[in-house]
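The values are calculated or read from the model by the stated rules, or taken from the named source; none is laboratory data. The structure displayed is predicted, hence computed values, not measured ones. Methodologically, a virtual Cβ is constructed for each residue, glycine included, from the backbone with ideal geometry; neighbour enumeration extends over all protein chains shown.
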Amino acid sequence: MNNKIYSLLGISTMLATSMGAQQAMEDDPVGEEMMNEVTVVSSRPGTSRMAGAMNGTIINKTELFKMACCNLGESFSTNPSVDINYSDAATGARQIKLLGLSGTYVQMLTENLPDFRGAAMPYSLGYVPGTWMKSIQVSKGASSVKNGYESITGQINVDYLKPEDEQGMSINLYGNTMSKMEANAEGNIHLNKQVSTELLGHFENNWEHHDKNNDGWQDSPNNRQFNFQNRWHAKTDHYIFHGGLGLLNEDRKFGPAMNMNAINESGDIWHGNVKTNRYGAYMKHAFMLNPEHGTNVALLAHANMHEQDAIFGYKNYYVNEKNLYASLLLEHHFNQNHEVSAGVSFNHDYFGQLYNLENMRNASRTRWNEKENVPGAYAQYTYELGSTLTAMAGIRMDHSNLYGTFATPRFHLKWQASDLVGLRFSAGKGYRAVHPLAEYSYLLASGRQFSFDQLDMEEAWNFGTNTQWNIPIGNKYLKVNADYYYTRFNHQAVLDLDSNPHAVHIGNLKGLSYSHVFQIDATYPLFEGLTMTAAYRYNDARETIQGKRMEKPLQSRYKGLFTASYKTPLGIWQFDATLQLNGGGRMPKAYTLIDGSPSWNSHFNAYEMLNLQVTRWFRNFSVYVGGENLTNRKQKNAVIDGGNPWGKNFDTTTVYGPVEGAMGYVGIRYNIGRL
């Protein structure tokens with residue numbers, strides 16, 4: 001392993017030192033001045049605050065370039081608000097955690113259209129290649145009612161590269177010491193002044209077995225993925241069209257490491273495999289009726305088919321999910337102070353499922369089809385008093401053929417007291433239909449017995465406040481943000497890992513469930529080219545299980561974050577460092593071993609992680625080399641009783657920290673230019 005790291009570092013060093021100072025990449029600087037083939041650049045901030053009443057941040061390419069950022073799930077390591085954790089120690093499923101709660105309560109959007117729902121949830125963070133993203137918007141708490149009722153803790157919207165962007169093509173190649181290789185290509189062509197098209201391509205392959213924590217199981221799955229999109233844009237004086245098609249094929253294999261024998265009495269070898277085919281299409285039509293008052297009508301539609309065939313030893317799960325979302329909306333500005341938006345929407349979900357939850361050979365399979373249709377309507381009013389006061393109030397009414405009619409009110413208020421101080425407040429409700437097998441299928445890899453009740457629709461209130469200060473220090477500003485959010489559930493699907501250490505059960509909440517989150521972060525440009533951010537977040541998330549109010553398991557109580565980014569005056573070298581401190585937390589209830597000791601500790605300890613990256617910029621390309629988890633922190637015994645995956649003690653669900661140890665990587669981004 002050390003030889004691999006040294007080889008990658010050596011290759012990148014030779015590439016960096018063999019070239020002279022040349023022009024930085026075109027899409028990184030804001031301003032530039034040519035001087036003897038050297039470009040003096042002024043970099044745009046990597047993150048910025050959202051305008052308007054909602055509290056959130058925008059992550060652009062400058063920030064994404066500070067890390068390898070192979071996919072969406074690896075794009076938040078410098079963000080203090082968002083955590084990315086493994087959901088289990090076998091399949092590689094990952095989830096976002098926002099405001100102290102799991103990613104199921106975050107509404108995922110692509111181009112402001114709801115996406116990655118149901119069966120796509122466990123692995124969707126790997127479905128968006130990092131080089132395809134133009135920006136990511138992260139909003140906290142109750143969001144706008146325009147995009148539906150599912151946002152409870154916030155929204156994450158991904159903006160892809162646009163066909164109408166400046167013409168050109170770029171290629172990104174990446175490799176790491178975990179035997180993962182990636183190739184990405186993006187290119188667009190302007191057919192004429194009105195019509196442009198874009199092709200996005202991605203391939204990745206992780207082919208070797210690694211077991212750094214010595215638990216007998218692969219630290220990461222062998223994953224091969226093909227991912228393509230074709231996107232179009234057309235525009236006239238009063239009409240704009242966006243549309244595109246996408247397809248994804250993924251083959252994910254996982255199980256015992258090569259040096260481990262996992263054969264049962266019948267001579268069967270335990271293996272896991274998740275095969276996924278995903279097809280999608282979207283379109284947006286916007287008609288500008290009155291540009292003077294910003295009056296426009298838009299028709300948006302998005303359709304996906306997600307087919308997944310999964311095997312976990314003897315257990316198996318097949319799902320063919322079909323989703324259709326459509327929205328027709330009208331926006332109008334009466335004047336500079338008053339704006340109204342109204343619309344209707346329709347969402348259709350279908351899950352055709354075939355499964356066996358018993359870890360027994362030749363067990364019978366059960367068929368279960370789910371279908372839900374939800375038409376809805378909304379209205380939203382925004383009042384703006386210059387840059388001082390913004391108030392936004394919205395309500396939507398939806399009717400589900402399964403859960404009946406429900407209302408979703410939301411309110412946001414922003415008061416900019418001065419250039420130095422700003423305040424925000426939000427309150428709102430959110431709902432979510434739960435599909436237990438589709439969303440939690442990765443739990444079948446464990447030896448735990450899986451069961452679930454007939455589940456109610458989840459319903460929760462979210463309240464939040466945010467304060468921002470711009471504190472002048474010298475000739476620069478120290479930017480400080482402080483957040484507090486409270487989420488309380490009226491109805492919730494509780495994932496119970498405590499009642500029986502040999503089982504996992506999903507049932508309806510009986511009692512209280514809530515989350516308190518406090519966060520403070522500060523950013524300061526110490527001197528030209530160097531920006532530092534420090535953040536601290538405290539989580540208190542509790543739920544009622546078997547009549548007892550308990551701290552949510554596998555959730556760090558606090559998080560500390562420190563980032564530093566330095567770019568040399570000529571924009572030739574860039575150095576980025578991120579240090580995380582993840583606080584300890586509660587483990588699920590353990591079972592008792594033969595000697596009377598518990599199978600794992602009742603709590604886990606805090607752990608730190610360090611990421612570093614160095615980038616060398618040239619005229620048309622850049623080379624980057626870095627390392628992740630350089631403190632080499634990894635959870636011991638992430639897989640329990642891995643030598644007997646057919647038994648009831650086998651457990652892959654108790655993951656709280658990194659499974660892989662230190663990892664090095666190297667990559668190259670090449671801007672070919674106009675085609």
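The residues of region 133-146 that are in contact with a Leu (Cβ under 7 Å, 6 or more places away or on another chain) and either crowded, with 23+ Cβ neighbours inside 10 Å or without any contact (Cβ under 8 Å) to a residue 12 or more places away in the chain (or both) amount to a single one, Lys140. Within region 654-664, identify whether any single residue is crowded, with 23+ Cβ neighbours inside 10 Å and among the β-branched types (Val, Ile, Thr), and answer yes or no. Checked region 654-664: at least one residue is crowded, with 23+ Cβ neighbours inside 10 Å and among the β-branched types (Val, Ile, Thr).
None of Ala119, Ala142 is of a type in the set (A, V, I, L, M, F, W, C), within 20 Å of Gly246 (Cβ to Cβ) and over 12 Å from the mean Cα position of the chain (by Cα) except Ala119. The set of residues in region 553-600 being at pLDDT 95 or above, closer than 30 Å to Phe518 by Cα and basic (Lys, Arg) consists of Arg557, Lys559, Arg586. On the stretch given as region 171-203, residues that are out of contact with any Ser or Thr (no Cβ under 7 Å at 6 or more places or on another chain), in contact (Cβ under 8 Å) with a residue 24 or more places away in the chain and not basic (Lys, Arg) total 19. For region 162-176, filtered to residues that are of a type outside the set (Ser, Thr, Tyr) and buried (at least 21 other Cβ atoms within 10 Å of the Cβ), the residue that is farthest from Ile136 (Cα to Cα) is Asn176.
Here's the yes/no breakdown for (1) free of Cβ contacts under 8 Å to residues at least 40 places away in the same chain; (2) surrounded by fewer than 18 Cβ atoms within 10 Å (Cβ to Cβ); (3) assigned to a strand (DSSP E or B); (4) of a type in the set (S, T, N, Q):
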{"position": "Asn611", "(1), (2), (3), (4)": "no, no, yes, yes"}
{"position": "Arg616", "(1), (2), (3), (4)": "no, no, yes, no"}
{"position": "Arg619", "(1), (2), (3), (4)": "no, yes, no, no"}
{"position": "Ser622", "(1), (2), (3), (4)": "no, no, yes, yes"}
{"position": "Val625", "(1), (2), (3), (4)": "no, no, yes, no"}
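Surrounded by 19 or more Cβ atoms within 10 Å (Cβ to Cβ) and out of contact with any His (no Cβ under 6 Å at 6 or more places or on another chain): does that describe Pro569? No: the conditions fail for Pro569.
Conditions tested, residue by residue: (1) without any contact (Cβ under 8 Å) to a residue 60 or more places away in the chain; (2) among the basic types (Lys, Arg); (3) out of contact with any strand residue (DSSP E or B) (no Cβ under 9 Å at 6 or more places or on another chain); (4) within 23 Å of Val106 (Cα to Cα).
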site	(1), (2), (3), (4)
Thr487	no, no, no, yes
Ala493	yes, no, no, yes
Ser515	no, no, no, yes
Ile520	yes, no, no, yes
Pro525	yes, no, no, no
Asn539	no, no, no, yes
Thr544	yes, no, no, yes
Lys548	yes, yes, yes, no
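Number of residues in region 627-641 that are within 23 Å of the chain's Cα centre (by Cα) and either assigned to a loop (DSSP other than H, G, I, E, B) or of a type in the set (Lys, Arg) (or both): the value is 6. If you go through region 398-421, how many residues are within 13 Å of Gln380 (Cα to Cα) and surrounded by 17 or more Cβ atoms within 10 Å (Cβ to Cβ)? Residues meeting the conditions: 3. Just to be sure, is Gly126 crowded, with 20+ Cβ neighbours inside 10 Å, small (Gly, Ala, Ser) and within 11 Å of the chain's Cα centre (by Cα)? Against the criterion (crowded, with 20+ Cβ neighbours inside 10 Å, small (Gly, Ala, Ser) and within 11 Å of the chain's Cα centre (by Cα)), Gly126 qualifies.
Screening Asp595 on (1) acidic (Asp, Glu); (2) surrounded by 15 or more Cβ atoms within 10 Å (Cβ to Cβ); (3) more than 24 Å from Ile84 (Cα to Cα) shows it passes everything except condition (2). In the set (1) out of contact with any His (no Cβ under 6 Å at 6 or more places or on another chain); (2) of a type in the set (Gly, Ala, Ser); (3) free of Cβ contacts under 8 Å to residues at least 60 places away in the same chain, Ser345 fails one condition alone, (3). Of the numbered criteria (1) farther than 20 Å from Leu109 by Cβ; (2) among the polar types (S, T, N, Q); (3) under 24 Å from the mean Cα position of the chain (by Cα), the one Asn304 fails is (1).
Residues of region 309-321 include none that is more than 30 Å from Ile269 (Cβ to Cβ) and either of a type outside the set (D, E, K, R) or modelled with pLDDT under 95 (or both). Applying the selection to region 363-382, what residues are hydrophobic (A, V, I, L, M, F, W, C) and not in a strand (DSSP E or B)? Residue satisfying the conditions is Ala363 alone. Looking across region 204-213, the residues that are within 19 Å of Asn629 (Cα to Cα) and in contact (Cβ under 8 Å) with a residue 60 or more places away in the chain come down to His210, Lys212, Asn213.
To keep it simple, each residue is scored yes or no on (1) surrounded by 16 or more Cβ atoms within 10 Å (Cβ to Cβ); (2) polar (S, T, N, Q).
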{"position": "Ala482", "(1), (2)": "no, no"}
{"position": "Asn490", "(1), (2)": "no, yes"}
{"position": "His502", "(1), (2)": "no, no"}
{"position": "Ala522", "(1), (2)": "yes, no"}
{"position": "Gln546", "(1), (2)": "no, yes"}
{"position": "Arg549", "(1), (2)": "no, no"}
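If you go through region 337-362 and keep only what is aliphatic (A, V, I, L, M) and either part of a loop (DSSP other than H, G, I, E, B) or modelled with pLDDT under 95 (or both), you end up with Leu357, Met360. Tell me yes or no: at least one residue of region 97-112 is farther than 21 Å from Gly430 by Cβ, buried (at least 23 other Cβ atoms within 10 Å of the Cβ) and over 13 Å from the mean Cα position of the chain (by Cα). No, region 97-112 contains no residue that is farther than 21 Å from Gly430 by Cβ, buried (at least 23 other Cβ atoms within 10 Å of the Cβ) and over 13 Å from the mean Cα position of the chain (by Cα). For the residues Glu331, Glu321, Glu384, Glu339, the requirement of being farther than 30 Å from Lys275 by Cα and touching a Gly at 6+ places or on another chain (Cβ under 7 Å) singles out Glu331. The condition of being at negative phi, of a type in the set (A, V, I, L, M, F, W, C) and over 30 Å from the mean Cα position of the chain (by Cα) holds for only one of Phe618, Phe604, that being Phe618.
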